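Notes for the one structure printed next.
The values are calculated or read from the model by the stated rules, or taken from the named source; none is laboratory data. Just so you know, these numbers come straight off a predicted model, no measurement behind them. A quick note on method: Cβ atoms are made from the backbone with ideal geometry, for glycine too, and the neighbour counts reach across all protein chains shown. In case anyone asks, the SASA skips ligands and DNA or RNA and just uses the protein heavy atoms, side chains included. Shrake-Rupley method; radii C 1.70, N 1.55, O 1.52, S 1.80 Å.
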Amino acid sequence: MENMDWYAAKALLEWQLEMGVDEAMLDAPVDRFAAHEAEQEALKAQHAARAAGGRGAAPVKAPEVDPVAEARTLAAGAGDLEALQAALSGFDHCPLKRGARNLVFADGVAGARVMLVGEAPGRDEDLQGKPFVGRAGQLLDRMLAAVGLSRAESVYITNVLPWRPPQNRDPKPDEIAMLLPFLHRHIALADPDLLVIMGNTSCQALLGKRGITRLRGTWTEAAERPTLPMLHPAYLLRNPQAKREAWADLLSLKAKLRALG
Ligand code: URA
């Protein structure tokens, strides 16, 4: 390091920036995910000690905030989409936020008749702060165009989680639960005629069940409106033979829009 020239040091800094490093605070690195998990373990131990209630049990301090209750209060207080985005970006209880580069709130036409709900941002979405801009998003745009829909004119898009999970791992149930009040408020404020929920994470969040290959194609109801579960475009990239089913679902979406007038 000491002998590193200016250009090498600059290249190293740029590489770190590309990897998502955006603050320099300490000499030693801090694993904030591990710190969060340790905090959760400590809380669990405190609860267990309290439940045991024995004489020797140390007095325990109650946890100060309930993240889900706080999410509910913040979401309910947002009167429009802009306020909801601001509330979400000020919500500090989800550890994913610390590892993400950007909040990914939504894209497309707010107030459109169709609202799509995906899973969580990936690398490209995290970099650009917009949902579905990577390969899966490009496929989604082509699928929508095939039935005359587009995010430029007729579709609004968001995700269950607004921050990228590390290494694109699946969202965890406690992350979904913590952010669900924001998603429900998002849907209420955007007020689409219908929802298309793509993949298992959105089915889990909005229908309380998984099994997208069984659920897809059958209209149901979520957030008080007609809802169509559909295969996720990332799944279609890995399983191109399933595009037949996706095409049938897109036709069903078009027919529903016509039927609703
Ligand atoms: N997959 C998703 O579910 N959402 C995105 O925004 C990108 C990929």
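Accessible area of GLU64, 1.4 Å probe, to the nearest 10 Å²?
GLU64 has an accessible surface of roughly 150 Å² with all protein chains in place.
Quick one: with all protein chains in place, what share of the accessible area of the stretch 70-260 is carbon or sulfur, to the nearest percent (1.4 Å probe)?
Carbon-and-sulfur percentage of accessible area, whole number: 47.
Counting only heavy atoms of protein chains, what accessible area per residue, in Å², does the stretch 84-216 have with a probe of 1.4 Å?
39 Å²
By how many nm would the segment from MET4 to ARG169 lengthen if fully extended, with 0.36 nm per residue of separation less the alpha-carbon distance?
Extra length from MET4 to ARG169 when fully extended: 55.8 nm.
Considering only the stretch 70-260, what is the antiparallel percent among its DSSP beta bridges, to the nearest 5?
Once the DSSP bridges in the stretch 70-260 are tallied, antiparallel ones form about 30 percent.
In the stretch 70-260, how many lysine pairs have Cα atoms under 28 Å apart, counting only pairs 8 or more places apart or on different chains?
Taking the Cα cut-off of 28 Å, the pair count is 15.
Run the simple label-point estimate for ASP80 and THR220 please: 7 Å along Cα→C-beta, distance reported in nm.
Here the modelled spin labels are 3.4 nm apart.
Whenever you get a sec, line up ASP92, ASP249 from highest to lowest accessible area (probe 1.4 Å, protein heavy atoms).
Highest to lowest solvent-accessible surface, that is ASP92, ASP249.
Can you give the charge dipole size of the stretch 70-260 about its Cα centre, rounded to the nearest 20 debye, using +1 on the beta carbon of Lys and Arg and -1 on the beta carbon of Asp and Glu?
680 debye
Need the full-extension length gain, VAL65 to ARG210, defined as separation in residues times 0.36 nm minus the C-alpha distance. One decimal, nm.
Fully extending the segment from VAL65 to ARG210 adds 49.2 nm.
State the Kirkwood hydrodynamic radius of the stretch 70-260 in Å, one decimal place, computed from all pairs of distinct Cα atoms.
Result for the stretch 70-260, one decimal place: 16.4 Å.
Note down the nm distance, to one decimal, between modelled labels 7 Å out along Cα→Cβ at HIS93 and at ARG238.
3.1 nm
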